[in-house]
Amino acid sequence: MRVFVTGATGFIGSAVVKDLIAAGHQVLGLCRSEEKAAALAAAGAAVHFGSLGDLDSLQEGTASADGVIHLAFNHDFSTFAANCEEDRRVIQALGAALAGSARPLIVTSGTWMTNTAPGAVATEAGPVVSSAVNPRAASEEAAAAVLAEGTNVSVVRLPQVHDTGRQGLVRYVIASAREKGVSAYIGDGQNRWPAAHVLDVARLYRLAIERGEPGAKYHAVAEEGVAFKDMAQAIGHRLNLPVRSIAAEEAEAHFGWLATFAGLDAPASSEQTRKMLRWRPTGPGMITDLEALQVADA
């Protein structure tokens with residue numbers, strides 16, 4: 001299969017590219033710069049120059065592929081809502097190029113898009129919040145729209161994806177600890193974040209494009225919920241910083257924009273995903289990677 005991958009040079013995308021190629025697939029990777037194009041080519045992928053803002057280029061890449069994995073997203077949180085609407089437009093363009101064919105489109109979302117009560121375990125079949133509540137839900141709304149128009153689209157929802165260098169939103173928790181000189185958690189710190197190692201996530205994307213069903217939702221979750229306190233303790237130990245609990249009223253001062261997320265209790269299950277795709281995560285857990293954190297990059 002020839003797979004067009006957006007975000008092919010990113011943290012997750014580069015792992016997906018390697019996994020696809022190792023499994024015998026051809027990869028066409030979206031890229032904006034010559035420097036990243038060289039790295040992509042070195043990994044064995046073909047390069048397609050373009051950007052999320054160039055919808056014509058995205059459709060050209062899609063036209064030459066047997067399937068698409070859409071991972072690219074602008075992570076500038078100062079323009080978060082606008083970035084989510086850009087993602088909606090990208091998915092609509094990709095879907096239009098694939099409509100009426102069996103060629104699969106894999107769209108990326110997050111486990112926090114599920115509309116569950118605090119502390120309830122999110123499942124693949126659970127209801128989804130609207131983009132009016134969480135702008136990031138625009139991606140799933142777009143996926144639903146192109147599904148209705150005849151596109152073979154499915155969704156991979158990500159937890160906190162990690163290795164020893166990157167850890168999803170946890171990297172901002174690490175940055176706050178370094179800046180404030182203390183690794184903090186809110187209250188008793190028993191609120192949970194789901195997680196998975198990047199290599200397990202990469203394998204799930206491959207299985208989704210090989211075996212996925214139209215309209216399916218897949219959870220790339222290896223650990224249902226890692227307690228925030230446990231993460232804070234591992235970060236404090238690795239960075240040689242004190243660890244302490246802070247009150248909810250102190251969260252914004254310590255975590256900044258991340259304060260809303262730092263108190264979330266949002267575990268997620270992947271039981272249905274494991275059955276549907278025969279996916280078995282085997283990578284190290286979040287705490288193991290935090291204990292081996294590449295301190296210079298944290």
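The values are calculated or read from the model by the stated rules, or taken from the named source; none is laboratory data. From a predicted model like this one, the values you see are computed outputs, not experimental measurements. Cβ atoms come from the backbone with ideal geometry, glycine included; neighbour counts cover every protein chain shown.
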Could you tell me which numbered condition LYS36 fails, if it satisfies all but one of (1) farther than 22 Å from ALA82 by Cβ; (2) buried (at least 16 other Cβ atoms within 10 Å of the Cβ); (3) modelled with pLDDT of 95 or more; (4) of a type outside the set (A, V, I, L, M, F, W, C)? (3)
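Can LYS229 be described as outside the structural domain of TYR185 (by TED's automatic domain parsing) and not hydrophobic (A, V, I, L, M, F, W, C)?
When the stated conditions are applied, LYS229 does not pass them.
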Picked from segment 205-230 (must be closer than 17 Å to LEU20 by Cα, among the small types (Gly, Ala, Ser) and modelled with pLDDT of 95 or more), the residue nearest to the chain's Cα centre (by Cα) is ALA220
Kindly provide the set of residues from segment 13-55 that are among the basic types (Lys, Arg) and in a loop (DSSP other than H, G, I, E, B), ordered by number. ARG32
Residue ranges of strands (runs of 3 or more DSSP E) in segment 130-204 with at least 1 members among the hydroxyl-bearing types (Ser, Thr, Tyr) and more than 19 Å from the chain's Cα centre (by Cα): 183-186
Within the bounds of segment 46-68, is there any residue that is aromatic (Phe, Trp, Tyr) and either in contact (Cβ under 8 Å) with a residue 40 or more places away in the chain or within 25 Å of GLY150 (Cα to Cα) (or both)? no
Qualifying position, being part of a loop (DSSP other than H, G, I, E, B) and surrounded by 24 or more Cβ atoms within 10 Å (Cβ to Cβ), among ALA102, ALA8: ALA8
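Just need a number here: residues in segment 237-285 that are assigned to a strand (DSSP E or B) and either under 22 Å from the mean Cα position of the chain (by Cα) or more than 21 Å from ALA227 (Cβ to Cβ) (or both). First the steps, then the outcome.
Just the residues of segment 237-285 that are assigned to a strand (DSSP E or B), to begin with: 243-246, 268.
Then drop every residue that is not either under 22 Å from the mean Cα position of the chain (by Cα) or more than 21 Å from ALA227 (Cβ to Cβ) (or both), which leaves 268.
Residues that pass the stated criteria total 1.
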Conditions (1) surrounded by fewer than 23 Cβ atoms within 10 Å (Cβ to Cβ); (2) part of a strand (DSSP E or B) -> GLN59 fails only (2)
